[in-house]
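*Asks:* Next up is a structure, given as structure tokens.
The values are calculated or read from the model by the stated rules, or taken from the named source; none is laboratory data. Given the structure is predicted, the values throughout are model-derived calculations rather than measurements. Please note: Cβ atoms are built from the backbone with ideal geometry, for glycine as well, and neighbour counts cover all protein chains shown. In case anyone asks, the SASA skips ligands and DNA or RNA and just uses the protein heavy atoms, side chains included. Shrake-Rupley method; radii C 1.70, N 1.55, O 1.52, S 1.80 Å.
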Amino acid sequence: MDIVLVQGDITEARVDAVVNAANSSLLGGGGVDGAIHRKGGPAILAACREILATTHPEGLPTGQAVATVAGDLPARWVIHTVGPVWSASEDLAPLLASCYRESLRVADALGARTVAFPAVSAGVYGWPMDDAARIALTTVRTTPSRIAEARFVLFDPEAHAAFRAHLPR
Ligand code: ADP
């Protein structure tokens, strides 16, 4: 698998699947979630509501992932995953790693070959960027899949630098 880092807006990524840092309600929020729903249009929210009405009436648990259509985005699918809220007292790294693992599993099941990830949990959920980058890259690198390219789309230069520092050269 090729691992690619770019700085930019994930809603513009021309990939098969875009990963969304959602919350468990799947009804949209701020940050990357808000941007994906705004740009992707109502089809994504309708598909999320369908998931809530059928398979996940209590919301999507932290660390899991589900796919929907991508509406007006260039991607074919959005994979919604719920990152853990950063905790100084509890080690929630396995849950953050699970977001990446489960997203790759869902992407594989869809037949996606290229997948774009944001820095899950590293925004409103408060995870320190350096640690979020380490967990993201380690997990994606060590998870077996048929994905050809995992692209991390980092919103700002600081996030991009944090990820670059954890990429083996
Ligand atoms: P969380 O609630 O999981 O922390 P956020 O959306 O608040 O999710 O933040 C996750 C990361 O996504 C942050 O680093 C934030 O800067 C970044 N981000 C926000 N908007 C976009 C976007 N359009 N494309 C890529 N990354 C984004």
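*Asks:* Amide H neighbours of G29 under 5 Å, counting only residues 5+ apart in sequence or on other chains, H built in-plane at 1.01 Å?
*Replies:* G34
*Asks:* With the dipole of the chain worked out from charges on the C-beta (+1 for Lys and Arg, -1 for Asp and Glu) around the Cα centre, which of G63, A165, V124 lies farthest toward the positive end?
*Replies:* A165
*Asks:* Normalised by the residues of the range 2-166, what does the relative contact order come to in percent, with Cα pairs under 8 Å and at least six apart?
*Replies:* Numbers: 344 pairs, mean separation 52.0, N = 165.
It comes to 32 percent, rounded to a whole number.
*Asks:* Right, next: Under 5 Å between amide H atoms, partner at least 5 residues away or on a different chain: which partners does V4 have, H built in plane at 1.01 Å?
*Replies:* For V4, the qualifying residues are A150, R151, F152.
*Asks:* Still on this model: Determine the calculated [θ] at 222 nm for the chain from helices alone, applying -39500 (n - 2.57) to every DSSP H run no shorter than 4 residues and normalising by the residue count; nearest 500 deg cm²/dmol. Before the final figure, lay out each step's value.
*Replies:* Details: 5 runs with 63 residues, N = 169.
Rounded to the nearest 500, the figure is -11500 deg cm²/dmol.
*Asks:* With every protein chain kept in place and ligands, DNA and RNA left out, what is the accessible area per residue of the range 2-166? Probe 1.4 Å, answer in Å².
*Replies:* Values: 7460 Å² over 165 residues.
Roughly 45 Å² per residue, with all protein chains present.
*Asks:* Here's something else I'd like to know. Counting other C-beta atoms within 10 Å, and keeping those with at most 13, which DSSP coil GluC sites (Glu not before Pro) do you find in the range 1-67?
*Replies:* Values: sites: E12, E50, E58; in loops: E58.
Sites meeting the loop and neighbour criteria: E58.
*Asks:* Sorting T62, T55 by accessible area (1.4 Å probe), largest first, what list results?
*Replies:* Values: T62 60, T55 100 Å².
Largest to smallest exposure gives the sequence T55, T62.
*Asks:* Quick check on the chain: what does the Kirkwood estimate of hydrodynamic radius come out to from the alpha carbon pairs, in Å?
*Replies:* Numbers: mean 1/r = 0.0644 Å⁻¹.
So the Kirkwood estimate lands at 15.5 Å.
*Asks:* Let me make sure I get this right: for the range 64-128, a, b and c are the square roots of the gyration tensor eigenvalues over alpha carbons, sorted descending. Under 1.5 in a/c it's rounded, otherwise prolate if a/b > b/c, else oblate. Which is it? Present the calculation step by step, with values, prior to reporting the outcome.
*Replies:* Values: a/c = 2.95, a/b = 1.91, b/c = 1.54.
Prolate, since a/c reaches 1.5 and a/b exceeds b/c.
*Asks:* Give me the percent of DSSP beta bridges within the range 2-166 that run antiparallel, rounded to the nearest 5.
*Replies:* 20
*Asks:* With helices defined as uninterrupted DSSP H runs, which ones in the chain have an alpha carbon span along their own long axis of at least 27 Å and mean Kyte-Doolittle hydropathy of at least -0.5?
*Replies:* Length and hydropathy pass: none found.
*Asks:* Please find, in a Gaussian network model of the chain (springs between Cα atoms separated by less than 10 Å), the residue of A67, A75, A43 whose mean-square fluctuation is greatest.
*Replies:* A43
*Asks:* Once you order the gyration tensor axes a ≥ b ≥ c over the Cα atoms, which shape class does the range 31-104 get: rounded for a/c under 1.5, otherwise prolate or oblate by comparing a/b with b/c?
*Replies:* Note, shape of the range 31-104 comes out prolate.
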